[in-house]
Structure formats: C-alpha cells, structure tokens
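The structure appears below as structure tokens.
The values are calculated or read from the model by the stated rules, or taken from the named source; none is laboratory data. Note that the structure is predicted; figures quoted are calculated from it, not measured. FYI the Cβ positions are ideal-geometry reconstructions off the backbone, even for glycines, and counts take in every protein chain you see. All accessible areas refer to the heavy atoms of the entire protein, side chains included, with ligands and DNA or RNA removed. Shrake-Rupley method; radii C 1.70, N 1.55, O 1.52, S 1.80 Å.
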Amino acid sequence: MAGRWTRGRTTVLAHVQTWRPYTTGYPALLGLAGAVWAGGTGTGRPAVAAAATALGWLSGHYLGDWFDRKLDAIGKPQRPIPSGRLSADAALAGGVVCA
C-alpha cells in the first residue's frame, strides 16, 4: 500500500512540475482581463475565459514537453518525462485533454 501511495504522489508531483504553476497565473489573468475588457458581467464569462486560457497554457506545456522529450533527455534529464516520473503517453494525453 505504501508503494502505491508513493508512486501516486510522485506522478501528481510530475504533473504539477509539467504545469509550471509559477507561470500559469499569467494566461489566466490575461483571459480574465480580456473578458472584463470585452464587457464580461457576473462571474461566469470571466471565469470561463481565465480557465480556458490557463488550460490552453497547460496543454502547451504538456505537448511541448512531449515534442521535446528527446532533447530534454540530453539537456534537462531531471524533467518529468526524461526522468521517467511521467510517461510520454501521459504527457500526450494531458495535452490533448487540456486542449
């Protein structure tokens, strides 16, 4: 049971590292600003705009890491895909789902 917990925690951490959360606020705020500037009223439209741009950003991170996995294996082996903490298939699926 402990091995499963550790593996799950490692996988979740690998996804979070792929998301690069320190950059995700930028596109979300940009989408929010665009919705407000376009006359978004209430909370629905600005929330959807912020979420849509953030998910697009996350999709780009997943797919960028998927496309660059062979280069990352050389130059950045600590990243989730080259290190084996996240499979290339999981990165591709994450990118498609976020898109």
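Considering the range 76-91 alone, what residues qualify as being assigned to a helix (DSSP H, G or I), under 15 Å from the mean Cα position of the chain (by Cα) and surrounded by fewer than 17 Cβ atoms within 10 Å (Cβ to Cβ)? So that I can check it myself, show each step before the final result.
Here is the first cut: in the range 76-91, the ones assigned to a helix (DSSP H, G or I) are 80-83, 88-91.
Now restrict to residues that are under 15 Å from the mean Cα position of the chain (by Cα): 80-81, 88-91.
Correct list: Ala88, Asp89.
On inspection, Arg45 qualifies as modelled with pLDDT under 90 and either open to solvent by 70 Å² or more (accessible area, probe 1.4 Å) or closer than 19 Å to Ala93 by Cα (or both). Only residues that are closer than 30 Å to Pro82 by Cβ, β-branched (Val, Ile, Thr) and assigned to a loop (DSSP other than H, G, I, E, B) were counted across the range 17-49, and they come to 0. Please work out if Gly56 is open to solvent by less than 80 Å² (accessible area, probe 1.4 Å), at pLDDT below 90 and over 18 Å from Arg85 (Cα atoms). Taking the combined requirement at face value, the residue does not satisfy it.
Taking only the range 7-25 into account, find how many residues are open to solvent by 40 Å² or more (accessible area, probe 1.4 Å), closer than 19 Å to Ala93 by Cβ and not polar (S, T, N, Q).
Filtering the range 7-25 for residues open to solvent by 40 Å² or more (accessible area, probe 1.4 Å) gives 7, 9-13, 15-17, 19, 21-22.
Restricting the remaining residues to those that are closer than 19 Å to Ala93 by Cβ gives 7, 10-13, 15-17, 19.
Now narrow it down to the ones that are not polar (S, T, N, Q): 7, 12-13, 15-16, 19.
So the answer is 6.
The sole residue among Ala73, Ala14 that is closer than 22 Å to Val97 by Cβ and assigned to a helix (DSSP H, G or I) is Ala14.
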